[in-house]
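See below for the structure under consideration.
The values are calculated or read from the model by the stated rules, or taken from the named source; none is laboratory data. Because the structure is a prediction, the values reported are computed rather than measured. As a convention, Cβ positions derive from the backbone with ideal geometry for all residues, glycine included, and neighbour counts pool all protein chains shown. Heads up: the accessible areas ignore ligands, DNA and RNA and are worked out on the full protein's heavy atoms, side chains in. Shrake-Rupley method; radii C 1.70, N 1.55, O 1.52, S 1.80 Å.
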Amino acid sequence: MTIITAPVPPDIPTRLMQQNSIFASRAHNATILPIIHLWHHKHESFLHEVIDGLLAEQKFLPTKYLYDQHGSELFERITALPEYYLTRSEQEILHLYADDIISHAHTKCWLVELGSGSGKKTRRLLQALQEQYTNVEHHASSEYSSVRYVPIDIAGEFLAASAQAFQHDFPNILIHPICAEFMQGMEYIAQQRNAHAPNTQLLVYFPGSTIGNLTHEEARTFLRQLRSILHLGDAFLLATDIDTSSSGKPIDVLHYAYNDQHDVTAAFNLNILHRINRELHATIPVEAYQHCAYYNAALSRIEMYLESRYYHTFSVSTHTFSIAKGERIRTEYSHKFSDSLLQHMASQTGFIVKRSWYDTQRFFRLSWLSPC
Ligand code: AVI
């Protein structure tokens, strides 16, 4: 499958820097390659996916549309909430074990991050990479630079900001941002590696337990696609949130992580309705909805909905929808994983879980999956 939509530029950093002076690096800053833009927001698919979701028996809105500019900002705020333990737990794992994790990587390694956002968590991994695998003679502006950071995200502004933020601190790491959907970006970077640096390892980091936002079937499809792009010897560093039955994590901890006292998660959820009104000229009365999120213990997942407070109608394009009092529109699943579920999914999709690292409360894990 090839979904590359932009021409593949020659992979010679020095020349690109000369072409585009805003990317020119000072002596002790990392080189940033110009952002590769492969992603285009398609108004038609947004409209069709929204209408399909609202016509379904159990109404839903695709989770990915929670993340416009404002939605991404609200999500950044969620990650700093005291109730949202996921980010802190993952940061703790990286704080404790980044050196150990990176010691499993090859000396020639491109660290690819899927959904990098502001890239805050990655700082510890980059520090460990820089300390273990680069030295001052080996400056990133060399076209032979063997250590790269490749953030992939559809949010171009976040990519640009995080690349700039890393530029100064990691002078020996070449930064290669890609604005794309995950698999699109993966295909592109794997082609680059295969063509220009075949002995380099791709270490793909998927943070935040974002895989939990897919259904198990979608997650398996995602893992199989990724596996078909990776080579033996590459690695997948996967973050997953842990379920309640296989750990001592109280259900309340999960509940409040998605029902915070300042209603930031509620605003994040409701924002999708504002977005639909604005971008699709819909007439949804946003005040008719309230945030609803709870842990479904039988299916080990948070389910997030927008619940109607009263009967109302609205239109999206030529469609009119009637919504009953108490009716729910699903906006997100957030699946939680036991060790055995993770191992089973990995083995079904061509991976083996080599090692997992946990935070001290054992709320969250980071796992090293090897293609096999
Ligand atoms: C991005 N994702 C892993 C978050 C989660 O926890 O499932 C999204 C989120 N939704 C509500 N709060 C956070």
- For the range 314-328, indicate whether the set of residues that are open to solvent by less than 40 Å² (accessible area, probe 1.4 Å), among the β-branched types (Val, Ile, Thr) and within 21 Å of the chain's Cα centre (by Cα) is non-empty. no
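This table checks each residue for (1) more than 21 Å from LYS120 (Cβ to Cβ); (2) modelled with pLDDT under 95; (3) part of a loop (DSSP other than H, G, I, E, B).
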site	(1), (2), (3)
GLU157	no, yes, no
GLN164	no, yes, no
GLN167	no, yes, no
MET183	yes, no, no
TYR188	yes, no, no
ASN194	yes, no, no
TYR205	no, no, no
GLY212	no, no, no
- In the range 329-361, what count of residues is obtained for those that are within 16 Å of the ligand (Cβ to nearest atom) and part of a strand (DSSP E or B)? 8
- Looking at (1) within 16 Å of the ligand (Cβ to nearest atom); (2) over 29 Å from TYR85 (Cβ atoms); (3) not hydroxyl-bearing (Ser, Thr, Tyr), find the lone condition where LEU214 falls short. (2)
- Hits in the range 166-215 - residues which are open to solvent by less than 10 Å² (accessible area, probe 1.4 Å) and charged (D, E, K, R): ARG193
- Does the range 285-303 include one or more residues that are within 16 Å of the ligand (Cβ to nearest atom) and in contact (Cβ under 8 Å) with a residue 60 or more places away in the chain? yes
- Which of the residues spanning the range 295-306 are surrounded by 15 or more Cβ atoms within 10 Å (Cβ to Cβ) and assigned to a strand (DSSP E or B)? TYR295, ARG301, ILE302, GLU303, MET304, TYR305, LEU306
- Message: So, in the range 60-69, how many residues would count as being surrounded by fewer than 18 Cβ atoms within 10 Å (Cβ to Cβ), at pLDDT 95 or above and more than 13 Å from the chain's Cα centre (by Cα)?
- Response: 1
- Query: Does any residue in the range 191-205 that is farther than 13 Å from VAL112 by Cβ come within less than 6 Å, Cβ to Cβ, of a residue that is of a type in the set (Asp, Glu) six or more places away or on a different chain, and which pairs are these?
  - Reply: HIS196/ASP11
- Of LEU369, LEU341, LEU273, which residue is under 29 Å from GLN225 (Cα atoms) and open to solvent by less than 10 Å² (accessible area, probe 1.4 Å)? LEU369
- Message: Please go through the range 224-277 and give me each residue that is outside any helix (DSSP H, G or I), within 16 Å of the ligand (Cβ to nearest atom) and within 26 Å of ARG355 (Cα to Cα), ordered by number.
- Response: LEU237, LEU238, ALA239, THR240, ASP241, ILE242, ASP243, THR244, LYS249
